[in-house]
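Everything below concerns the one structure shown next.
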Amino acid sequence: MPNSVLVIGGGIAGIQASLDLANRGTKVYLVEKTPSIGGRMAQLDKTFPTLDCSICILAPKMIECLRHPNIKLLTHSEVKEVKGKAGKFTVTILKKPRYIDSEKCTGCGTCMEKCPVKVPNEFDMGIGNRKAVYMPFKQAVPLIATIDAEHCLYFTKGVCRVCEKVCPSNAVSYEQKPEEMNVNVASIILATGFDTFNPSTMSEYGYGRFKNVILSLEFERLISASGPTGGRFVRPSDGKEPEIVVFVQCVGSRSQRGEFPFCSSVCCVYATKESILIREHAPETQVYIMYIDMRAIGKGFQEFVDRAKKEYGVMYVKAHPGGIAEDPVTKSLQINYEDMKTGKMKKLKADMVVLCPALIPKEDNKKFAEAMDLELDQYGFFKSRDELTAPIDTNIPGIYICGYCQSPKDIPESVAQASGAAARAAETIVCTTEEAKA
Amino acid sequence: MKEDNEPRIGVFVCHCGVNIGSVVNVPEVVEYAKTLPNVTYAEGNLYMCSSEGLSKIKEAIKKYNLNRVVVASCTPRTHEPLFRSACEEAELNKYLFHMANIREQCSWVHSKEPKKATEKAKETVRMAVAKAALLEPQTEPEIDVQPSALVIGGGVAGMSAALSLANQKFKVHLVEKENELGGKLLELYKLYPNDRHSSEVLEEFVQAVRSNVNIDVYTSSTVKRSEGFIGNFKATINHEGKDETLDIGTIIVATGANVLKPHNMYHYGECKNVLTQLELEKLMKEKKLGKPKNVVIIQCVGAREEKEGGRNYCSRICCAVAIKNALHIKELVPEAEVSILYRDMQTYGKDFEEYYRQARENFVQFIRYDVENPPEVFTRPDGKLAVRVHDILVNATIELDADLVVLSTPLVQQEEAEELSKILKVPLGADRFFFEAHVKLRPVDFATDGIFVCGTAHSPKTIAESIAQAYAAASRAGIPMAVKRVRTEAITAFVEESKCTGCGTCIKLCPYNAIEKDERGIARVNDVLCKGCGVCAASCPEKAISMRHFSDAQVLAEATAALGGTQNERV
């Protein structure tokens, strides 16, 4: 019986589940699709309600995963196939080629400096650029470069090879091929996280058409000291500091007309946090939050919202905008909305609008569901075995779920559920080992 | 590490991207560090905490034969363990590492004054170097861990935690103050989302707990005393009037919450037809609801506002509970009109929105009121109860007949929690719920090792959320019990026996009961209990007590350096 567990997803939930298991002596394979672990939390500037710097509290855990003798980190890798049952799953994992020898790369970044190809940086939500050879962010774990073959001149046109020439460690290896490996595990934990809904299909918000209408995750990268503007919070259209910023809640979520009917659970409070950050950066900037219901449901959250109102002067407006229009010359915006308190139609001018879009389950969940016979709900979240009494279990014994992929939740809830999934996996190891003995 | 006492210090200064580097002139600080006494090597790095930065430290230890390391970067609270383990990997005792915080204490607080921030960073590094020169290696004692857990509270959270630990093959002692298991589930009617009777769900849990050989259940029992430390607690339980002491490895607090009794609000207590949500559940459970024609449910009663007797937090579950009970009333009394008066509808997550829609389809009326203009419960001249409310969505004041007024009040901490928090030496927060070690990343740990929290004792949450958190506590508590050993604090007090007069001052002051007199009448410190707070060392009239890693000499060297001295003047 293998005393080991597969964890899928290297965000905060996957990291926590891995560390709990590894610290009790269980071998963990932590599979992450992208080149670095860290997930969404790595993209955030600060966290609510304590305003802790997100990467600063996450980085030690990421590095603990890298250094832990019981954790095998498999980044830039994907799960291909799962066979077997609780106690003895066999998992085929595809290691995608980085075209960089991870043993030799020191993460010095010389290749990235010299690479001539610029690609929108996914980590910065496409605001800044990265190179075709890149590390997603400065604290990436592992700190190993990856060549993006889709954009690399050598792979697309057969020219360049600059990275190979400049690499002081001779780590570039264009010949690398995908590798498959099989691992045996007693249990599997899924922690695939979320994606953001792209509201460019909802024409009333102007996202994609108006430069100064951005998404909340783009905001996080804009205000972050390690982001593309070095933490200068400015308008994408002209690089000027905005004087009025409006946050719009429930963009595509809580929608009855076909987008996403559910509530993403975190937006009211992260918008509050983002508003506080603006007021701290630029105390003269006016900040409004347009919301339907203020959902400050976690520990200390209502107190946080009260603080935003009283100490930071953030203005909360019960309203849902009917439309946003752009001034073609100044690129400033006008929001038309119905004030729910008075029932009157009103207008509000803004230099920037931050949309808080529905946070939705990953497309990949379908693939995993198929590979492991798991049930998904109507939205694509993994379905709990029993929504009331077994929230972490799936319909397949030995396979557990945690974090946002089970249902919308914030960081502490994801961390708690991840530890919970680790407990269930530990139970599975003990029980299946005993059964095998008997 | 080589056995030579001549300090050879390496100083590593972090840019922290732009966090430090854009304010503090890091190269200047590095150059300055090189001029300090005992500094053999100094360098700067964009991120010292990156794997590259850590390798640099390890390489330098080897290459320059360093025997002390100083990192000038961020806060030791998050990053010290990381740098310490890098030192250990290079075979340097981790207590020979010292950290200077030039981010929180320099670049962040003096972001508008880069020159002064740089000067302060230099001074901070000078202090750290002065202390580092006097650092000594320390060891962390290892102790055995009892593979048995004490779970306090026999509600759904406590039972779930107990079951998980028992399935991990640990012994569990489950203590419940009432004479039966179940907690609040005993009082509920039917549960979301599948409308199963609470009693039926509860029965399954109790069956599983009762039939598990690894769980000992103590009903009508309370925890009277707890002594000891992680792995080796001695907990005294009062079980049906008799005291019993148990050897315990870890403790889980799952004592649950109560519902606020809304005295002086909406005529509760004066008028028998004004109930709390929990009292309504009980009525339905006991089939005593009768045939109310009009039911008015008021949300946020004593919640989300500064009000005497109320709470300022959101109790999270009340909106979904109100919807659930509105639908149950409709089911039991199909002709009943049910209205929910709310401020913000907290139907968060993936399923509650759908539930909310279902309630609207079933003609539950939702009326939104404003906190400044709350509803009013009054008696009409004919003696009948009614509610007046200003509906902000239609901007009109309306009156509703009410055979029954149901008040949604927040979950609040149990009265006994105060005492339990003292017994276990774990804190309560401003909201009086148990306060975890870190709000974001350690949601079920207490700062005290070996003690954990879950369920509504931590904050209001649903049954499913309580169960998930209970498993989390079972994971965290399971770790030391699975490993069977833990390392304890090295920074402890020690007594210079020749100076001790046995006056007992330290014994009286120690908040952890870690000091006792030995057979000679001399103070003796229990290293495992000692948390290194330093109260004893500060108060010993004979200066017989010193702190490991915070010796007078080390602290004075730092202070001397702060005041401009660059030499380590031995005190």
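The values are calculated or read from the model by the stated rules, or taken from the named source; none is laboratory data. Treat the numbers as computed from the prediction; the structure is a model and nothing was measured. Don't worry about glycine lacking a Cβ; one is built from the backbone with ideal geometry, like all the others, and counts go over all protein chains shown. What goes into the accessible areas is simple: the full protein's heavy atoms, side chains included, and nothing from ligands, DNA or RNA. Shrake-Rupley method; radii C 1.70, N 1.55, O 1.52, S 1.80 Å.
At a glance:
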| item | result |
| --- | --- |
| Lone qualifier among A:257, A:209, A:232 - being among the basic types (Lys, Arg), under 23 Å from the mean Cα position of the chain (by Cα) and farther than 15 Å from residue A:289 by Cα | A:232 |
| Segments classed as strands (runs of 3 or more DSSP E), wholly inside region A:206-296, with at least 2 members that are within 11 Å of another protein chain (Cβ to nearest Cβ) | none |
| Residue count, region B:53-100 (criterion: open to solvent by 40 Å² or more (accessible area, probe 1.4 Å), assigned to a helix (DSSP H, G or I) and farther than 23 Å from residue A:62 by Cβ) | 2 |
| Filter result (at pLDDT below 95 and farther than 20 Å from residue A:201 by Cβ) within region A:242-283 | A:280, A:281, A:282, A:283 |
| Residue in region B:472-488 that is away from every other protein chain (no Cβ under 14 Å), assigned to a strand (DSSP E or B) and either on the phi < 0 side of the Ramachandran plot or open to solvent by 50 Å² or more (accessible area, probe 1.4 Å) (or both) present | no |
| Residue within region B:321-341 that is open to solvent by less than 40 Å² (accessible area, probe 1.4 Å), under 27 Å from residue B:270 (Cα atoms) and at the interface with chain A (Cβ under 10 Å from one of its Cβ atoms) present | no |
| Selected residue (only one of B:293, B:242 is under 30 Å from residue B:345 (Cβ atoms) and open to solvent by 20 Å² or more (accessible area, probe 1.4 Å)) | B:293 |
| Condition met for residue A:347 (of a type in the set (D, E, K, R), open to solvent by 40 Å² or more (accessible area, probe 1.4 Å) and within 20 Å of residue A:203 (Cα to Cα)) | yes |
| Flag if residue A:383 is of a type in the set (D, E, K, R) and touching a Leu at 6+ places or on another chain (Cβ under 7 Å) | yes |
| Matching option when the condition is surrounded by fewer than 24 Cβ atoms within 10 Å (Cβ to Cβ) and at pLDDT 95 or above, among B:447, B:417 | B:417 |
| Residue B:429 of a type outside the set (A, V, I, L, M, F, W, C), surrounded by fewer than 22 Cβ atoms within 10 Å (Cβ to Cβ), modelled with pLDDT under 95 and more than 27 Å from residue B:144 (Cβ to Cβ) | no |
| Considering residues of region B:435-464 that are at the interface with another protein chain (Cβ under 7 Å from one of its Cβ atoms) and not hydrophobic (A, V, I, L, M, F, W, C) only, the residue farthest from residue B:255 (Cα to Cα) | B:440 |
| Counted residues, region B:417-433 - those being more than 14 Å from chain A (Cβ to nearest Cβ), among the basic types (Lys, Arg) and over 15 Å from residue B:450 (Cα atoms) | 1 |
| Meets criteria (within 40 Å of the chain's Cα centre (by Cα), of a type outside the set (S, T, N, Q), over 18 Å from residue B:62 (Cβ atoms) and not in a loop (DSSP other than H, G, I, E, B)) for residue B:11 | no |
| All strands (runs of 3 or more DSSP E) inside region A:310-365 with 2 or more residues being away from chain B (no Cβ under 14 Å) | A:315-326, A:333-339, A:345-350, A:352-357 |
| Breaking point among (1) surrounded by fewer than 21 Cβ atoms within 10 Å (Cβ to Cβ); (2) farther than 19 Å from residue B:150 by Cα; (3) touching a residue at least 60 places away in the same chain (Cβ under 8 Å), for residue B:228 | (2) |
| Residue B:173 being out of contact with any Cys (no Cβ under 7 Å at 6 or more places or on another chain) and crowded, with 22+ Cβ neighbours inside 10 Å | yes |
